[in-house]
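Student: What follows is a single structure, and I will ask about it in a moment.
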Amino acid sequence: MSNVNIKRAVENIRAGTSSYTPIVEVVVNAIQAIEAVGKEIDDGQVTITVRRSPQIETDGAAADIEGFLIRDNGVGFNEVNREAFDTLYTAHKLAEGGKGFGRFTCLKYYKDVKISSVYRKEPGYCQRKFRMGTETEIIVDEKVSRTEETQTGSVVELYPAKRSFPDKSLAAIARTLVEKLLPYFISKDKVCPRILLAEEDGSDSILLNDYLLSEQGSLIYEVSSAGGGFALPASQGEEEFHARVFKIYSPKTSRSKISLVAHRREVVSTSLHNYIPEFAEEFYDEITAGSGDERNFIVAVYVFGDYLDENVSIERGGFEFHRDNDLILGISQTEIEAAAAEYARAAVDTEVTERQARKVDRVKSYVKENAPWHAELLRDLDLSNVPYKPSNEEIEAFLHKQKYSREVKIKGEVRALLQSEGPEDLREKAAQLVSQISGSSKSELVHYVALRRSVLDLFERSLSLNADGTYSSEDVVHDIIFPTKTDSDATPFEDHNLWIVDERLNFAEYLTSDLPLDHGRSDRPDILAFDKRIGLRGANEPSNPVTVFEFKRPQRDDFVNPSSKEDPVQQIIRYVIQIKEGRYRTPRGREILVADNTPFYGYVICDLTPKVRRWVEDERDFKPMPDGMGYFNWHEKLNLYIEVLSWDKVLKDAVMRNRVFFHKLGIE
């Protein structure tokens with residue numbers, strides 16, 4: 001009699017199990033029961049019968065699977081096996097790796113588990129029937145009686161399922177079971193019994209053993225030349241592992257894998273492409289040499305070892321050691337898998353090498369055509385971890401990560417070098433580090449210049465006619481230069497493009513764009529810059545200039561009408577007067593310090609239509625610039641210099657200032 005909180009035990013089953021786990025658990029127990037018969041039986045067989053829903057699918061697809069019936073001709077539930085089944089964490093099958101818990105995974109996926117078994121009990125045979133309890137008793141509704149049958153064995157019924165079974169076709173189920181039970185099929189010490197998967201109505205069946213035949217006809221073929229042993233250092237000394245490599249043809253999945261095995265059972269599997277990206281897709285073999293006919297396959301590496309046997313979890317859904325950096329046992333799952341991945345490479349080395357070469361060409365082409373700023377980084381970079389068939393975004397993400405790692409390394413080396421007391425260290429390493437820093441800086445500069453080229457292309461398009469014959473609004477061109485309704489606290493210098501108008505504005509101490517100067521309903525200059533000259537690096541001081549911008553939409557000229565309230569020159573003058581009167585603080589609460597001689601700059605940027613030119617020359621008395629694309633004037637009383645510039649001039653001057661850089665990069 002048992003007394004176990006079964007519901008709690010089932011609820012505490014950790015992740016790592018699946019709908020296939022109970023089937024594998026019962027089949028393994030059946031194999032062990034057949035092996036326990038010993039020499040008395042040489043025709044052991046396990047039959048897995050699929051029970052489907054009686055409801056017929058209207059589209060002709062296979063009906064849902066509701067459960068399984070698993071039959072074997074093993075030793076049966078004799079008294080010893082019965083007591084072991086009724087004992088939580090029994091040590092009965094400890095030698096075979098039994099944990100005494102696996103049967104509870106059946107209740108995680110199926111509402112009911114029924115067992116019927118015939119076993120030998122002198123002077124004849126007995127039959128034992130029972131259900132697996134769900135409360136405190138592991139065995140319930142037990143009945144034992146004498147029987148006329150003379151063949152030992154057991155039938156385990158898993159029915160009904162608590163959740164939908166992931167596969168419907170017999171072939172898909174067979175393939176998954178073969179891969180999970182493969183260590184039993186390939187065991188060199190014991191012969192695996194026949195394992196048959198069949199429909200309940202007898203309409204179809206698959207002998208799982210047939211998946212492993214000769215190289216030409218098999219669906220699973222061992223590449224014995226690729227397997228081998230390896231050792232890894234653990235806390236208690238070295239641990240030995242052995243890898244066996246298989247080609248699985250016409251696979252259910254297109255992903256090659258690494259499977260870690262404990263006591264002849266697959267415990268966890270991990271996609272091989274996590275370690276070697278070129279395994280992301282399946283491979284192909286000729287069916288017959290020279291025929292041209294091919295069949296697809298994946299590579300599966302099965303890893304065995306005492307370390308795995310000794311540290312498998314009770315649910316067999318994982319291991320007690322950590323996935324990464326195990327500090328207690330000393331060997332992590334990733335270390336084992338990384339070593340095993342190299343054996344997979346040996347099985348398809350030529351194909352992997354060809355795929356890697358194509359990937360390198362793809363990355364180089366991307367850098368040459370789209371990201372020349374990475375050219376320096378690419379020279380000695382290991383590209384083996386770049387995803388197979390990478391997108392532009394994946395390449396850029398990888399290169400950016402490598403660039404950041406390299407910069408962190410260089411900064412660390414520089415820091416260590418500066419802390420070094422030995423002059424010899426400085427002499428030997430300084431030149432090399434300076435070269436590395438220079439290369440990194442060049443990459444940054446190339447990236448920045450290429451970005452400017454793209455911004456200018458976008459800016460030029462914003463000045464052209466739209467498809468509907470209209471021009472872009474002020475907000476469009478405004479946002480390209482500096483985002484509206486924001487300031488430099490939210491938009492640092494690397495995120496705005498004020499260099500289009502004036503390179504000095506990259507170094508302004510504070511910028512505000514289309515925001516009221518007093519946080520209320522006052523005037524809002526398009527852009528106001530409190531400049532801090534790069535040479536002085538000063539703070540908010542009266543000697544530093546203040547710059548104000550006003551933007552007008554391309555081809556707009558109604559602001560020059562006498563009735564207009566948007567006279568941009570008058571707006572700039574009004575802003576300057578209000579600032580000089582000390583009426584405002586910066587949005588950070590700082591007083592705007594000005595003096596009588598504080599320089600002010602004003603820029604009106606608009607299209608110089610004939611109407612605007614007459615207004616600027618006749619009414620505002622501005623002087624034309626030599627190129628005819630702008631005007632200037634000096635407001636002596638306010639110490640204010642104002643320019644009225646055309647959008648074309650802003651674009652032309654920006655391109656001219658950057659042309660030599662574009663030329664050097666070949667991106668004119």
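Student: Can you work out the Karplus-derived ³J(HN,Hα) for every residue in region 546-560? Use 6.51 cos²θ - 1.76 cosθ + 1.60 with θ = phi - 60°, whole Hz, and x for glycine or proline.
Tutor: Going residue by residue, I get 10, 10, 10, 10, 9, 9, 10, 3, x, 6, 7, 9, 6, 6, 8 Hz, with x marking Gly and Pro.
Student: Given the Cα-Cα distance of residue 163 and residue 389 and 0.36 nm per residue of separation, how much length would full extension add, in nm? Let's see the in-between values first.
Tutor: Details: separation 226, 0.36 × 226 = 81.36 nm, distance 3.68 nm.
Gain on extension, residue 163 to residue 389, equals 77.7 nm.
Student: Next question, about the same structure. Evaluate the distance, in nm, between pseudo-label points positioned 7 Å from the Cα of residue 453 and of residue 651 along their respective Cα→Cβ axes.
Tutor: Taking the two extended label points, one gets 1.8 nm.
Student: Taking the Cβ-Cβ separation of residue 43 and residue 238 as r and a Förster radius of 51 Å, what is the calculated FRET efficiency to the nearest 0.05?
Tutor: Efficiency, rounded to the nearest 0.05: 0.75.
Student: I'd like to check one number: the per residue accessible area of region 310-379, probe 1.4 Å, reported in Å² as a whole number. Kindly include the intermediate steps, with their values, before the conclusion.
Tutor: On the way: 3510 Å² over 70 residues.
Counting only protein heavy atoms, the per-residue value for region 310-379 is 50 Å².
Student: Here is a further query. Heavy atoms only, 1.4 Å probe, whole protein assembly: order 77, 551 by accessible area, highest first.
Tutor: Numbers: 77 35, 551 5 Å².
The ranking, largest first, comes out as 77, 551.
Student: A follow-up question, please. Return the distance in nm (one decimal) between the two label points of a simple spin-label model at residue 143 and residue 11, each offset 7 Å from Cα along Cα→Cβ.
Tutor: Label at residue 143, label at residue 11, 3.3 nm between them.
Student: Quick check for you: with a 1.4 Å probe and neighbouring chains kept, what is the accessible area per residue of region 10-81, in Å²? All intermediate terms of the calculation are to be shown ahead of the outcome.
Tutor: Working: 3450 Å² over 72 residues.
Per residue, region 10-81 has 48 Å² of solvent-accessible surface.
Student: How much accessible area per residue does region 609-668 have, counting only protein heavy atoms and a probe of 1.4 Å, in square angstrom?
Tutor: Here the per-residue accessible area is 60 Å².
Student: Among the GluC sites (Glu not before Pro) within region 105-176, which fall in a DSSP loop and have no more than 14 other Cβ atoms within 10 Å of their own Cβ? If you can, show how the numbers build up before the last one.
Tutor: Numbers: sites: 135, 137, 142, 148, 149, 157; in loops: 135, 137, 148, 149.
Hits after loop and neighbour filter: 135, 148, 149.
Student: For region 546-668, what % of the accessible area comes from carbon and sulfur atoms, probe 1.4 Å?
Tutor: 48
Student: Take the Cβ-Cβ distance between residue 660 and residue 619 as r, set R0 to 30 Å, and report the resulting FRET efficiency rounded to the nearest 0.05. Display every interim value, and only then the final one.
Tutor: Numbers: r = 39 Å, r/R0 = 1.31.
Computed FRET efficiency for residue 660 and residue 619 comes out at 0.15.
Student: State the extension gain, in nm to one decimal, for the chain segment bounded by residue 224 and residue 310, taking 0.36 nm per residue of separation less the distance between their alpha-carbons. Mind dumping the intermediate values first?
Tutor: On the way: separation 86, 0.36 × 86 = 30.96 nm, distance 2.60 nm.
Result: 28.4 nm gained on full extension.
Student: Turning to a different aspect of this structure: Could you give the length gained by full extension between residue 353 and residue 570, i.e. 0.36 nm per residue of separation minus their alpha carbon distance, to one decimal place? List each step's numbers first, then the result.
Tutor: Working: separation 217, 0.36 × 217 = 78.12 nm, distance 6.99 nm.
Full extension of this stretch gives 71.1 nm more.
Student: Still on this structure, I have one more. Once you keep just the Cα pairs under 8 angstrom separated by 6 or more residues, what percentage relative contact order results for region 143-222? Show your work: numbers first, answer last.
Tutor: Working: 47 pairs, mean separation 14.4, N = 80.
The normalised contact order for region 143-222 reaches 18 percent.
Student: Report the label-to-label distance for residue 342 and residue 595 in nanometres (one decimal), using points 7 Å from each Cα along the Cα→Cβ vector.
Tutor: 7.2
Student: What's the whole-number percent of alpha carbon pairs in region 27-88 lying beyond 20 angstrom? Before the final figure, lay out each step's value.
Tutor: Values: 887 of 1891 pairs.
Result: 47 percent of Cα pairs exceed 20 Å.
The values are calculated or read from the model by the stated rules, or taken from the named source; none is laboratory data. Just so it is clear, the model here is predicted, and its values are computed rather than measured. Methodologically, a virtual Cβ is constructed for each residue, glycine included, from the backbone with ideal geometry; neighbour enumeration extends over all protein chains shown. Quick note on the areas: whole protein, heavy atoms, side chains included, nothing else; ligands and nucleic acids left out. Shrake-Rupley method; radii C 1.70, N 1.55, O 1.52, S 1.80 Å.
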